[in-house]
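S.K.: Got a structure for you, questions after.
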Amino acid sequence: MELDLATDNGQPRPETTRDDSPFAIRGLTVSYGDKPALFSVDATFPAAAMSAIIGPNGAGKSTLLKAALGIVKPVSGRVTMLGQPLKRALDRVAYVPQRASVDWDFPARVIDVVLMGLSRELGLLRRVRPHHLDKAMTCLARVGMDGFADRQIGQLSGGQQQRVFLARALAQQAEVYLLDEPFAGVDAATEKAIIGVLKSLRDDGKTVVAVHHDLATVTEYFDHVFLINQTRIAEGPTVETFTAANLQATYRGRLALQQIDRLAG
Amino acid sequence: MTGVEFVPLSLPPLLIGAFAALACAIPGNFLLLRRQALIGDAISHVVLPGIVMGFLLTGVVSTWPMMLGAAAAAIVAVVLIETIRRLGRIEPGAAMGVVFTTLFAAGVLLLEQSDTSSVHLDVEHALYGNLESLIWLDATGWKSLLDVEALAALPPELFRMVAVFVAIALLTGLFWRPLTIATFDEGFARTLGLPVTALSLGLVIAAAIAAVAAFDAVGSIIVIAMFICPPAAARLMTNRLGHQLGWSAAFAVLSAVLGYVLAGYGPLWLGFENAVSAAGMIATVSGVILVLAAMFGPCRHRVGAAQAD
């Protein structure tokens, strides 16, 4: 299969007024039943940057995103998006859930999933017009999937499915992009395509925040890191914050020392 | 068979069966994709005590008290399922199983202990319905379809079933987009600001209304079969949700018509004397359609395992 890895963006995007931080969390506490997941987490993600949320399994990385978006109900906490309470800003936020969180056997084609990103424009009953389809196809082309519009989503590889999810987020034309493990279990070509799109979003002034697993690529991909293990461990620019000491505090002995030294240089 | 016989005796049950099948099959598509298909089963069981209570409180077999009782029982069941799931921290399926068997058993006990022998309210009626008895005595042939006075004497179940079908079809059309998104990807739907909880509750309520209305007319066997079989068979025919809905509607009507005809005439063709239960035959036909779709449907392979290319 040939992949078109073009990541240029010819789309016009609306100019926006910029508030202090596009995505800030204060005192977020979440528990699942009796099991605590997050303790009073504060986080501030910078504008026009790519930020990574990093921590071991069960550290509450995905929960942080879900609670910040209101998908999971927090016990307490406050979230501001683009200087406004979450509810008022949701139309400028695009969320890419974990690929494994949906059933890909669902009867839908690739184009149907991308059109879901246009549902604010389409509303309840508006018909899908050629310009909606054009928009969806442009988004598919940006992730190199325009040749797959009519495929059933279950017939795609994992990496292709992940790119369809990203195309759906692009269709939302948001200011803030929140991604849950966008690189989990994808092929190298997909990883390259996704990182290219995310970097072009950042260069357009968008805010990108991703839950990230692969410590080896953090310095290469991300400008800003947020280290978490149920509470905030550290946050800041990658060069200052992605250090051996902080990683050790985050992973609490779950990473070998020489591993940490190699990663954090 | 001539219109003189067909219109009064066969047309009403055929139509009632078909609309009951349609009203259940439409929400069944979404319930199936949400892995909640058994909720139709649960609802059709839990409404029994509600219907009996409705009868006991009013003392007459009349539709509205029994429908209200059924609706109340459905709500009690939903609350109970949710409570047990939370307090017991168990699977929703397990909570559902506990609640619907218990309430159905309670309904059976209520029926046995109360004086309902004089009326046509019994367990058998609840299960198999009474499709064959829904006849149109005032009809004299095809011309009666244009006769307002005769039309007024159609079995009330027919009007009720048509009304429920139309309401469900309209609501499904109106909320098609949000319902589809919330069914495919609930988390994403929430970030679009869609009322995910209300949608899912609305779907269960629509299913409950369809189940209660159909239960009254045709019994719970059809209800359970129509929530699951036509949508499941339809899923194997297409990879698009809109088409799936169309296929499921076609299968629902086919099951109802073919099942009714086979129940009435099949045994005679085979040399037996008596007809068999229409409800049972309709459910059987829907099951046969599902088996055929599973064997020959074009989209029958599990596509969850991604094809590499």
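S.K.: I'm told B:Trp136 meets every condition in (1) touching a Gly at 6+ places or on another chain (Cβ under 7 Å); (2) away from chain A (no Cβ under 14 Å) except one. Can you identify the failing condition by its number?
M.R.: That leaves (1) as the condition not met.
S.K.: Any idea how many residues of segment B:1-43 are within 22 Å of B:Ala182 (Cβ to Cβ) and either part of a helix (DSSP H, G or I) or not small (Gly, Ala, Ser) (or both)? Let's see the steps before the verdict.
M.R.: So in segment B:1-43, the residues within 22 Å of B:Ala182 (Cβ to Cβ) come out as B:23-40, B:42-43.
So of that shortlist, the ones also either part of a helix (DSSP H, G or I) or not small (Gly, Ala, Ser) (or both) come out as B:23-36, B:38-40, B:42-43.
Adding up the residues that qualify gives 19.
S.K.: Please indicate, with yes or no, whether at least one residue in segment A:26-40 is within 14 Å of another protein chain (Cβ to nearest Cβ), over 18 Å from A:Tyr177 (Cβ atoms) and in contact with a Lys or Arg (Cβ under 7 Å, 6 or more places away or on another chain).
M.R.: So far as segment A:26-40 goes, yes, one or more of its residues are within 14 Å of another protein chain (Cβ to nearest Cβ), over 18 Å from A:Tyr177 (Cβ atoms) and in contact with a Lys or Arg (Cβ under 7 Å, 6 or more places away or on another chain).
S.K.: Let me ask something additional. Return yes when B:Thr191 is more than 16 Å from B:Phe30 (Cα to Cα), out of contact with any Lys or Arg (no Cβ under 9 Å at 6 or more places or on another chain) and among the hydroxyl-bearing types (Ser, Thr, Tyr) and no when it is not. Spell out the reasoning first.
M.R.: Values: more than 16 Å from B:Phe30 (Cα to Cα): yes; out of contact with any Lys or Arg (no Cβ under 9 Å at 6 or more places or on another chain): yes; among the hydroxyl-bearing types (Ser, Thr, Tyr): yes.
Yes; evaluated as a whole, the condition is true for this residue.
S.K.: If I ask for residues that are assigned to a helix (DSSP H, G or I) and within 20 Å of A:Ser21 (Cβ to Cβ), which ones from segment A:44-68 would you list? Break it down into steps so the answer makes sense when it comes.
M.R.: Within segment A:44-68, the subset assigned to a helix (DSSP H, G or I) is A:61-68.
Listed by number, the residues that qualify are A:Lys61, A:Leu64, A:Leu65, A:Lys66, A:Ala67, A:Ala68.
S.K.: Can you find, within segment B:161-196, the residue that is surrounded by the fewest Cβ atoms within 10 Å (Cβ to Cβ) among those that are of a type outside the set (Phe, Trp, Tyr), more than 23 Å from A:Arg92 (Cβ to Cβ) and without any contact (Cβ under 8 Å) to a residue 60 or more places away in the chain?
M.R.: For segment B:161-196, the residue satisfying everything is B:Leu170.
S.K.: It is to be established whether one or more residues within segment A:204-212 are crowded, with 17+ Cβ neighbours inside 10 Å, at pLDDT below 95 and in contact with a helix residue (DSSP H, G or I) (Cβ under 6 Å, 6 or more places away or on another chain).
M.R.: no
S.K.: Okay, next question. Select from segment B:1-44 the residues that are of a type in the set (Ser, Thr, Tyr) and within 12 Å of B:Ala210 (Cα to Cα) and list them in ascending order. Working first, answer last.
M.R.: Initially, segment B:1-44 is screened for residues of a type in the set (Ser, Thr, Tyr), giving B:2, B:10, B:44.
Hit for segment B:1-44 is B:Ser44, nothing else.
S.K.: Just need a number here: residues in segment A:108-165 that are aliphatic (A, V, I, L, M) and in contact (Cβ under 8 Å) with a residue 60 or more places away in the chain. Spell out the reasoning first.
M.R.: Looking only at segment A:108-165, we keep the residues that are aliphatic (A, V, I, L, M), and these are A:108, A:110-111, A:113-116, A:118, A:122, A:124-125, A:128, A:133, A:136-137, A:140-141, A:143, A:145, A:149, A:153, A:156, A:164.
In the following step, the residues that additionally are in contact (Cβ under 8 Å) with a residue 60 or more places away in the chain were identified as A:141.
The total comes to 1.
S.K.: Quick check on segment B:33-46. Is at least one of its residues within 12 Å of the chain's Cα centre (by Cα), of a type in the set (A, V, I, L, M) and at pLDDT 90 or above?
M.R.: no
S.K.: Given the conditions (1) at pLDDT below 95; (2) touching a strand residue (DSSP E or B) at 6+ places or on another chain (Cβ under 7 Å); (3) of a type in the set (Ser, Thr, Tyr), and given that A:Ser119 satisfies all but one, which numbered condition is not satisfied?
M.R.: Result: A:Ser119 passes all but (2).
S.K.: Also: Can you report the number of residues in segment A:16-43 which are touching a residue at least 12 places away in the same chain (Cβ under 8 Å), surrounded by fewer than 18 Cβ atoms within 10 Å (Cβ to Cβ) and in a loop (DSSP other than H, G, I, E, B)?
M.R.: 5
S.K.: Restricting to segment A:69-84, count the residues that are buried (at least 19 other Cβ atoms within 10 Å of the Cβ), more than 13 Å from every other protein chain (Cβ to nearest Cβ) and either among the aliphatic types (A, V, I, L, M) or not in a loop (DSSP other than H, G, I, E, B) (or both).
M.R.: Residues flagged as buried (at least 19 other Cβ atoms within 10 Å of the Cβ), more than 13 Å from every other protein chain (Cβ to nearest Cβ) and either among the aliphatic types (A, V, I, L, M) or not in a loop (DSSP other than H, G, I, E, B) (or both) within segment A:69-84 amount to 2.
S.K.: Step by step: first the residues of segment A:136-165, then only those that are among the polar types (S, T, N, Q) and more than 11 Å from chain B (Cβ to nearest Cβ), then the one that is farthest from A:Glu181 (Cα to Cα). Which residue is that? Show your work before the answer.
M.R.: Filtering segment A:136-165 for residues among the polar types (S, T, N, Q) gives A:138, A:152, A:155, A:157, A:160-162.
This time we only want the ones that are more than 11 Å from chain B (Cβ to nearest Cβ), so: A:138, A:162.
Numbers: A:Thr138: 24, A:Gln162: 10 Å.
Checked segment A:136-165; the qualifying residue farthest from A:Glu181 (Cα to Cα) is A:Thr138.
One line per residue, one yes/no per condition, for (1) under 27 Å from A:Val211 (Cβ atoms); (2) more than 10 Å from chain B (Cβ to nearest Cβ); (3) more than 23 Å from the chain's Cα centre (by Cα); (4) buried (at least 17 other Cβ atoms within 10 Å of the Cβ):
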{"residue": "A:Ser101", "(1), (2), (3), (4)": "yes, no, no, no"}
{"residue": "A:Val114", "(1), (2), (3), (4)": "yes, yes, no, yes"}
{"residue": "A:Leu122", "(1), (2), (3), (4)": "no, no, yes, no"}
{"residue": "A:Asp134", "(1), (2), (3), (4)": "no, yes, yes, no"}
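S.K.: I'd like to check something: does segment A:103-110 contain any residue that is away from every other protein chain (no Cβ under 14 Å) and either over 19 Å from B:Asp185 (Cα atoms) or modelled with pLDDT of 95 or more (or both)?
M.R.: Here is the first cut: in segment A:103-110, the residues away from every other protein chain (no Cβ under 14 Å) are none.
Checked against the condition, which is being away from every other protein chain (no Cβ under 14 Å) and either over 19 Å from B:Asp185 (Cα atoms) or modelled with pLDDT of 95 or more (or both), segment A:103-110 yields no hits at all.
S.K.: Something else now. If the requirement is being out of contact with any strand residue (DSSP E or B) (no Cβ under 9 Å at 6 or more places or on another chain), surrounded by 24 or more Cβ atoms within 10 Å (Cβ to Cβ) and away from every other protein chain (no Cβ under 14 Å), which of these qualifies: B:Ala225, B:Ala206, B:Ala249, B:Ala233?
M.R.: Numbers: B:Ala206 fails: surrounded by 24 or more Cβ atoms within 10 Å (Cβ to Cβ); B:Ala249 fails: surrounded by 24 or more Cβ atoms within 10 Å (Cβ to Cβ); B:Ala233 fails: away from every other protein chain (no Cβ under 14 Å).
Of B:Ala225, B:Ala206, B:Ala249, B:Ala233, the one residue that is out of contact with any strand residue (DSSP E or B) (no Cβ under 9 Å at 6 or more places or on another chain), surrounded by 24 or more Cβ atoms within 10 Å (Cβ to Cβ) and away from every other protein chain (no Cβ under 14 Å) is B:Ala225.
S.K.: For segment A:44-68, enumerate the residues that are in contact with a helix residue (DSSP H, G or I) (Cβ under 8 Å, 6 or more places away or on another chain) and either within 14 Å of another protein chain (Cβ to nearest Cβ) or buried (at least 19 other Cβ atoms within 10 Å of the Cβ) (or both). Step through it out loud before you land on a result.
M.R.: At the first step, the residues of segment A:44-68 found to be in contact with a helix residue (DSSP H, G or I) (Cβ under 8 Å, 6 or more places away or on another chain) are A:48-50, A:52-56, A:59, A:66, A:68.
Of everything in segment A:44-68, those that are in contact with a helix residue (DSSP H, G or I) (Cβ under 8 Å, 6 or more places away or on another chain) and either within 14 Å of another protein chain (Cβ to nearest Cβ) or buried (at least 19 other Cβ atoms within 10 Å of the Cβ) (or both) turn out to be A:Met50, A:Ala52, A:Ile53, A:Ile54, A:Gly55, A:Ala59, A:Lys66, A:Ala68.
S.K.: What is the number of the single condition among (1) away from chain A (no Cβ under 14 Å); (2) over 30 Å from A:Gly70 (Cα atoms) that B:Asn239 does not meet?
M.R.: Here B:Asn239 meets the rest and fails (1).
The values are calculated or read from the model by the stated rules, or taken from the named source; none is laboratory data. Quick caveat: nothing in here was measured; it's all calculated off a predicted structure. Methodologically, a virtual Cβ is constructed for each residue, glycine included, from the backbone with ideal geometry; neighbour enumeration extends over all protein chains shown.
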